[in-house]
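Inspection log for the structure reproduced underneath, given as structure tokens.
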Amino acid sequence: MLQSALICTFVFWLAGAMDFTCFSWALFTRPLICGPITGLLLGDLRTGIIMGGAIEGIYMGVSNIGGSTPADPCPATIIAVAYSILTGSDIATGVMLSLPIGTLMQSFTNILTPFYASLSVYWEKLAASGNTKKMGRQVVLFDLFLQRIAQMLVLFLSIAYGIEGAGRMTSSAFNTEILIYVSMLIYYINSIFR
């Protein structure tokens with residue numbers, strides 16, 4: 001599981017890095033792209049493609065307009081695809097789990113937002129100094145590493161140590177129905193408070 005967790009964490013980092021450095025906004029971090037990449041690297045491209053398409057259908061209207069997103073589709077897709085591939089679970093259960101996972105992963109970003117905002121004084125001083133090379137390097141390093149470190153840690157730990165437990169929990173039909181209702185409740189409550 002550790003190797004799979006490292007692979008999935010790398011996919012998450014790579015998707016964010018490619019969007020920031022090469023393709024601007026929301027290309028590689030969409031489920032349609034990161035799902036098949038995760039499936040390919042975990043050895044089941046077919047599941048990655050199917051789940052990426054299904055999860056894209058769920059998150060199609062989710063966009064970072066105004067800086068607030070109810071759920072983060074990239075880590076949700078990566079964890080859901082890894083769950084289905086590593087446990088041999090059906091695709092529908094993995095897709096269903098993507099909603100609460102995405103909501104929880106976005107919560108980690110929201111928790112750290114005040115910390116990122118507190119850095120604005122430093123960034124303003126650096127911008128006022130006129131040192132564009134230093135500013136450019138630090139912005140890139142911040143986006144590639146510091147901004148994603150909490151989600152990368154949670155993603156790694158959830159795949160390395162949580163996939164097997166989640167597989168046992170969803171092994172019965174009764175538990176799967178409970179998870180569906182709980183995930184819908186979490187998503188609904190989160191949308192009310194946004």
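None of the figures in this text is laboratory data; all of them are computed from the coordinates on show. Quantities reported herein were computed from a predicted structural model and do not represent experimental measurements. All Cβ positions, even for glycine, are placed from backbone atoms using ideal geometry, and neighbour counts span all protein chains on display.
Summary of computed values
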| read-out | value |
| --- | --- |
| Coarse-grained scattering of the stretch 1-58 at q = 0.24 Å⁻¹, given as base-10 log I(q)/I(0) from a Debye sum over alpha-carbon atoms | -0.93 |
| Whole-Hz couplings from phi, Karplus 6.51/-1.76/1.60, listed for the stretch 91-108; x for Gly and Pro | 5, 4, 5, x, 5, 4, 6, 5, 5, x, 5, x, 5, 5, 5, 5, 4, 5 |
| For the stretch 9-107: Kirkwood Rh in Å [reciprocal of mean 1/r, alpha carbons] | 13.0 |
| Spacing of the two label points (7 Å from each Cα toward its C-beta) at Leu112 and Cys22, in nm | 2.3 |
| J(HN,Hα) series, the stretch 29-36, from Karplus relation 6.51 cos²θ - 1.76 cosθ + 1.60, nearest Hz, glycine and proline x | 7, 7, x, 5, 9, 6, x, x |
| Principal axis dimensions, largest first and in whole angstrom, of the stretch 52-105 by Cα | 38, 19, 12 |
| Per-bin percent of Cα-Cα distances, the stretch 41-162 [5 Å] | 2, 10, 17, 18, 16, 12, 9, 7, 5, 3, 1, 0 |
